[in-house]
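Visitor: Next up is a structure, given as structure tokens.
The values are calculated or read from the model by the stated rules, or taken from the named source; none is laboratory data. Being a predicted model, the structure only gives us computed values, none of them experimental. Positions of Cβ are generated from backbone atoms using ideal geometry, with glycine treated the same way; all protein chains shown enter the neighbour counts. These accessible areas exclude ligands, DNA and RNA; they are computed on the full protein's heavy atoms, side chains included. Shrake-Rupley method; radii C 1.70, N 1.55, O 1.52, S 1.80 Å.
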Amino acid sequence: LRESLTNAALETLSIVAYAGPMTRAELEYIRGVNSSFTLRNLLIRGLVGRQLDPRRGNVFLYRPSFDLLKHLGVSKVEDLPEYEKFQVLIEKLRNENQ
């Protein structure tokens, strides 16, 4: 667990941090590849958390963990660099898929 994160893990972590909470399907749509293994490793490391989607009981939502935010030196995701800019892009992407 002390090894460096792979590029895939860093990419996944970035997407979850800026776009979370999100489903695995949403994450895989953005990345274009299966992300099950990467998400599992991030969960084990405690960098990502998951919870049941209140709208759909059989789907998990992934979000950045408090440990990740602490490691990054921020108290909430809104404090991430250029957070507002990415929220606009994420909303456009989500609206296109509806």
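Visitor: I'd like the carbon and sulfur percentage of the solvent accessible area for the stretch 1-60, probe radius 1.4 Å, heavy atoms only, ligands and nucleic acids excluded. All intermediate terms of the calculation are to be shown ahead of the outcome.
Guide: Working: 1990 of 3850 Å².
The nonpolar share, carbon plus sulfur, comes to 52 percent.
Visitor: Find out how many positive minus negative residues lie around residue 12, taking Lys and Arg as positive, Asp and Glu as negative, among other residues whose Cβ is under 14 Å from that of residue 12. Write down the numbers at each step before the final one.
Guide: Details: positive: 24, 31, 40, 45, 50, 63; negative: 11, 26, 28.
With Lys, Arg at +1 and Asp, Glu at -1, the neighbours total +3.
Visitor: For residue 89 and residue 58, calculate 0.36 nm times their separation in residues minus their Cα-Cα distance, and state this gained length in nm to one decimal. Don't skip to the end; give the middle numbers.
Guide: On the way: separation 31, 0.36 × 31 = 11.16 nm, distance 2.74 nm.
This chain segment gains 8.4 nm when fully extended.
Visitor: Compare 39, 52, 69 in a GNM of the chain, Cα atoms joined below 10 Å, and give the one with the largest fluctuation.
Guide: Most flexible of the set in this elastic network: 52.
Visitor: So I have (i) 13.9; (ii) 14.5; (iii) 16.1, and one of them is Kirkwood radius over Cα pairs in Å calculated from this model. Which one is it?
Guide: It is the value labelled (i).
Visitor: Continuing with the same structure: Count charges around residue 88 for me, please; just the other residues with Cβ under 15 Å from its Cβ, Lys/Arg as +1, Asp/Glu as -1. Mind showing how you got there, number by number?
Guide: Working: positive: 85, 92, 94; negative: 78, 82, 84, 91, 96.
Charge balance in the 15 Å sphere: -2.
Visitor: Using the Cα centre of the chain as origin and beta-carbon charges of +1 (Lys, Arg) and -1 (Asp, Glu), tell me which of 10, 42, 81 is placed farthest towards the positive end of the dipole.
Guide: 42
Visitor: Oh, and also: Below 14 angstrom from the Cβ of residue 31, what's the summed charge of the other residues (Lys, Arg +1; Asp, Glu -1)?
Guide: Numbers: positive: 24; negative: 11, 26, 28.
That sum, taken over residues with Cβ under 14 Å, equals -2.
Visitor: To the nearest 20 debye, what is the magnitude of the charge dipole of the chain about its Cα centre, counting +1 on the Cβ of each Lys and Arg and -1 on the Cβ of each Asp and Glu?
Guide: The calculation lands at about 340 debye.
Visitor: Another one. Over the chain, what is the relative contact order in percent, taking alpha-carbon pairs closer than 8 angstrom and at least six residues apart?
Guide: 27 percent
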